[in-house]
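Undergrad: This is the structure I want to talk about, given as structure tokens.
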Amino acid sequence: MSSRLIDGKAVAAEVDDSLKPRLEALRSRGVNPCLAVVIVGDDPASHVYVRMKGKACEKLGMSHRTHALPESVSEEDVFSLIDELNADKEVHGILCQLPLPPHIDERKVTERIDPRKDVDALHPYNVGHILLGDPLFLPATPAGIMKLLEHTGIGIAGLHAVVLGRSNIVGKPIAAMLMQKGVDATVTVAHSYTRDLPDLTRQADIIIAAVGKPLFVTADMVKKGAVVIDVGTNRIEDTSSEKGYRLVGDVDFEAVKEVASAITPSPGGVGPMTIAMLMNNTVLAAELSLNGTRSL
Ligand code: GUN
């Protein structure tokens, strides 16, 4: 059996197209969405992600600003910048690229962002509303995963989804979204303390792999016909590559594609969707700024 490839780039292009009429409507009212990204320190992978977010804005004709702060910046200075961005009417979405250096409290930074500009959906206000099934924003990666699952055409209701990883960015919110009324999956969240993991994953109709470990999900862990979504992008050493590394997912794609009914590649699966859904959230934030109906 060879599985159907879920093409994240193609689905992301569809999302981009759906944003165009909304962007036109905003512009006709004198608003062009603007995303402000805060990045602290020199982590090369984080800088790559931030550049990709800026380029995605440019492709849609949206504005963006990058505030690159040195590793040595104080927590107070990060707070002051966020306060300025919160107050700035020209800025619609604010995102602080994670991880932050250890002397800066990620939780406090996240809570400083106005929930109405929180396009990452990491503020406790937004996390709470996601759990309640009444979201303002959905976090970009889980929202992208849901779109990819929709795209496969499988009916999710009643299926067993096993989520590997319990991060605040992916594992916890995707579990909440899959179990929501109307989606109706039966959800198991596995993590590093889970026992007999292959036994568990072999019961899954849907596997969401978000553990950050290269090639972690092997073919023997996957039931025939399961749908496999690979959230990982891991750098592994590759001396034959110019860069000295190559990117692989959390799933052993070549082997698992022979077992799964549908599978995302990585790169080229969830990654492009994350960016597209971030653009969607930035457009939504600009719409909210005009309609201003959501009081907190
Ligand atoms: N670092 C890795 N993924 C993310 C993300 O989705 N948002 C932010 N802000 N930082 C990240």
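Taken together, the values in this text are just the output of simple stated rules run on the coordinates, not laboratory data. The model shown is predicted, which means the values in this text are computed figures rather than measured ones. Reconstructed Cβ throughout: ideal geometry from the backbone, glycine too, with neighbour counts over all protein chains shown.
Undergrad: Mean shadow of the chain, computed from the convex hull of its alpha carbons, in nm²?
TA: Details: hull surface 64.0 nm².
One quarter of the hull surface, i.e. the mean projection, equals 16.0 nm².
Undergrad: Helix 8-28 versus the longest principal axis of the chain: what is the Cα-based angle in degrees, 0 to 90, to the nearest 10?
TA: Here the helix axis deviates by roughly 20 degrees.
Undergrad: Only helical DSSP H runs with n ≥ 4 go in: add -39500 (n - 2.57) per run for the chain, normalise by residue count and round the 222 nm mean residue ellipticity to 500 deg cm²/dmol.
TA: -12500 deg cm²/dmol
Undergrad: May I ask you to compute the full-extension gain from Leu131 to Asn291, defined as 0.36 nm times their residue separation minus their alpha-carbon distance, rounded to one decimal in nm?
TA: Numbers: separation 160, 0.36 × 160 = 57.60 nm, distance 2.42 nm.
Full-extension gain reported as 55.2 nm.
Undergrad: With respect to the cross-link table entries Lys59/Lys172; Lys172/Lys243; Lys55/Lys117; Lys20/Lys89; Lys172/Lys213; Lys223/Lys243, which display a Cα-Cα separation exceeding 29 Å? Walk me through the intermediate numbers first.
TA: Values: Lys59/Lys172 31 Å; Lys172/Lys243 33 Å; Lys55/Lys117 20 Å; Lys20/Lys89 22 Å; Lys172/Lys213 18 Å; Lys223/Lys243 36 Å.
From the list (Lys59/Lys172; Lys172/Lys243; Lys55/Lys117; Lys20/Lys89; Lys172/Lys213; Lys223/Lys243), the Cα-Cα distance tops 29 Å for Lys59/Lys172; Lys172/Lys243; Lys223/Lys243.
Undergrad: Using a simple spin-label model with points 7 Å from Cα along the Cα→Cβ vector, what separation in nm is obtained for Leu5 and Asp105?
TA: That separation, rounded to one decimal, is 4.7 nm.
Undergrad: Specify the angular offset, from 0 to 90 degrees and rounded to the nearest 10, of the alpha carbon long axis of helix 75-87 from the longest principal axis of the alpha carbons in the chain.
TA: 70 degrees
Undergrad: Most exposed first by the Cβ proxy, i.e. fewest other Cβ within 10 Å, how do Cys96, Cys57 rank?
TA: Cys57, Cys96
Undergrad: Further, regarding this structure: Counting other C-beta atoms within 10 Å, which of Val183, Val37, Val217 has the fewest, and how do the rest follow?
TA: Fewest-to-most ranking of Val183, Val37, Val217: Val183, Val37, Val217.
Undergrad: Between Ser266, Ser63, Ser167, which gets the highest mean-square fluctuation from a Gaussian network model of the chain, Cα cutoff 10 Å?
TA: It is Ser167.
Undergrad: Between 0 and 90 degrees, rounded to the nearest ten: what's the tilt of helix 270-291 against the longest Cα principal axis of the chain?
TA: Here the helix axis deviates by roughly 30 degrees.
Undergrad: Taking 0.36 nm per intervening residue step and subtracting the Cα-Cα distance, what contour gain separates Ala68 from His191 on full extension?
TA: Values: separation 123, 0.36 × 123 = 44.28 nm, distance 3.31 nm.
Stretched fully, the Ala68-His191 segment lengthens by 41.0 nm.
Undergrad: Order of Lys257, Lys20, Lys243 from fewest to most other C-beta atoms within 10 Å?
TA: Numbers: Lys257 20, Lys20 12, Lys243 8.
Going from least to most buried by this count: Lys243, Lys20, Lys257.
Undergrad: Take every DSSP beta bridge whose two residues both sit in the chain, then give the antiparallel share in percent to the nearest 5.
TA: So the antiparallel bridges amount to about 10 percent of the total.
Undergrad: Here's another thing I want to ask about it. Which value does Rg/Rh take for region 31-132 over its C-alpha atoms, Rh per Kirkwood?
TA: Dividing the radius of gyration by the Kirkwood radius yields 0.95.
Undergrad: Still on this structure: Between Lys243 and Ala13, what is the spin-label point distance in nm, taking each point 7 Å from the Cα along the Cα→C-beta axis?
TA: 2.2 nm
Undergrad: Find the relative contact order for the chain and round it to a whole percent, using C-alpha pairs within less than 8 Å whose residues are 6+ positions apart.
TA: For the chain, the relative contact order is 23 percent.
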